Structures are given as C-alpha cells and as structure tokens.
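Participant: I have a structure I would like to understand better, so I am pasting it below and will then ask my questions one at a time.
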Amino acid sequence: MDRDAYELVRRMWTDFREGGVERALPLLAEDVEFVTADGEVHVGHDGVREFFDAFAVEGRTFEASPYSFERVGSAVLAAGHRRIHGPEGTDGAHLYFVHVVAGGRIVLLSAHPTRADALAAVRGADGAAPARG
C-alpha cells in the first residue's frame, strides 16, 4: 500500500470530524461498501447517507473517532470508538475500522468489534479485492 492510501484515510476522518458525512463522501468511491459493526451493508454514497440520516430521524447523533492508524496488508486499520447520543443516553463502543483504497478512493470501509475480526476482514480483502480503476 502506498503512502497516499494512508493519507487519504486520515484525511477522510478529518473531513468527517470537521464537516460530517457530506464532506467525507468525495473521498469514498461512488460504489463504496460501508459495513457497520453489526454487519449491515450500505452501498454507495446514498447508502452511506441513509445510514447517518437514520440517526437524525430518530433524534440521535452518531460520532466516530479514530485514535490510531496503521497499514495492514492492502488496508489501513484505524482503532477508535463510536458514540451514539440519544434521548435515552449515550452508547459507546471501541471499534476497529478497515479501509481499502483503490483508484484513489476508499472502496471498502468496515467496522469491527475486535482487532481479530478486523484483521480477518483485511485478509479477506487482500484475497478478494476487486480490480478497480
């Protein structure tokens, strides 16, 4: 993996933190696969928007923040947390985020509850990564 992929992932998280999902979307492939920690798959920019919009409709907010990044195989692994704030309180979880970059954009972003799960996803991505421009 080249340095550009690593920097792209870091920039995506900065853009998300500073400007929300709309600001981060240009760094994601049009057909990105966004997989939540509970296995829900959201495809494309519209799928990512729908995931985040659902929180607002329910009167909740979603925050995710990485605190470390590392290169693992063809992916960038970020360790961090997510918080969901709502009328009933705040729910938080430590997560590992896998990012696969191809053609200058993030083509897969998946969240995992454990490092072992994230590393297994990287192995799967390395073995089955689609060819993208």
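Participant: Considering every residue within the stretch 40-50, establish whether at least one is among the hydrophobic types (A, V, I, L, M, F, W, C), outside any strand (DSSP E or B) and out of contact with any Phe, Trp or Tyr (no Cβ under 6 Å at 6 or more places or on another chain).
Facilitator: no
Participant: Consider the stretch 11-34. How many of its residues are in contact (Cβ under 8 Å) with a residue 60 or more places away in the chain and assigned to a helix (DSSP H, G or I)?
Facilitator: Final tally of qualifying residues: 3.
Participant: How many residues does the stretch 103-127 hold that are in a helix (DSSP H, G or I) and under 26 Å from Gly92 (Cα atoms)?
Facilitator: The number of residues fulfilling the criteria is 8.
Participant: For the stretch 50-61, check the following and say yes or no: at least one residue is surrounded by 12 or more Cβ atoms within 10 Å (Cβ to Cβ), in contact with a strand residue (DSSP E or B) (Cβ under 8 Å, 6 or more places away or on another chain), at pLDDT below 95 and among the polar types (S, T, N, Q).
Facilitator: Yes, that holds for at least one residue.
Participant: Still on this structure: When the stretch 1-34 is examined, which residues are found to be basic (Lys, Arg) and surrounded by fewer than 14 Cβ atoms within 10 Å (Cβ to Cβ)?
Facilitator: Passing the criteria: Arg3, Arg11.
Participant: If you don't mind, there's one more thing I want to ask. When the stretch 35-72 is examined, which residues are found to be hydrophobic (A, V, I, L, M, F, W, C) and over 15 Å from Ala118 (Cβ atoms)? Walk me through it before giving the result.
Facilitator: In the first step, residues of the stretch 35-72 are kept if they are hydrophobic (A, V, I, L, M, F, W, C); the result is 35, 37, 41, 43, 48, 51-52, 54-57, 62, 64, 69, 72.
Val41, Val43, Val48, Phe51, Phe52, Ala54, Phe55, Ala56, Val57, Phe62 - these are the residues of the stretch 35-72 that are hydrophobic (A, V, I, L, M, F, W, C) and over 15 Å from Ala118 (Cβ atoms).
Participant: All but one of (1) within 20 Å of Ala24 (Cβ to Cβ); (2) under 14 Å from the mean Cα position of the chain (by Cα) hold for Ile84, so report the exception by its number.
Facilitator: Among (1) within 20 Å of Ala24 (Cβ to Cβ); (2) under 14 Å from the mean Cα position of the chain (by Cα), the lone unmet condition for Ile84 is (2).
Participant: Residues in the stretch 99-112: is at least one free of Cβ contacts under 8 Å to residues at least 24 places away in the same chain and surrounded by fewer than 12 Cβ atoms within 10 Å (Cβ to Cβ)?
Facilitator: No, that holds for no residue.
Participant: Looking at the stretch 51-63, I want the residues that are over 14 Å from Pro87 (Cβ atoms) and have a partner that is β-branched (Val, Ile, Thr) with Cβ atoms under 8 Å, at least 6 apart or on another chain. Which pairs are those?
Facilitator: Phe51/Thr36; Phe52/Val21; Phe62/Ile84; Glu63/Ile84
Participant: Residues Ala37, Ala78: which one is in a loop (DSSP other than H, G, I, E, B), surrounded by 15 or more Cβ atoms within 10 Å (Cβ to Cβ) and touching a residue at least 40 places away in the same chain (Cβ under 8 Å)?
Facilitator: When all the criteria are applied, what remains is Ala37.
The values are calculated or read from the model by the stated rules, or taken from the named source; none is laboratory data. Just so you know, these numbers come straight off a predicted model, no measurement behind them. FYI the Cβ positions are ideal-geometry reconstructions off the backbone, even for glycines, and counts take in every protein chain you see.
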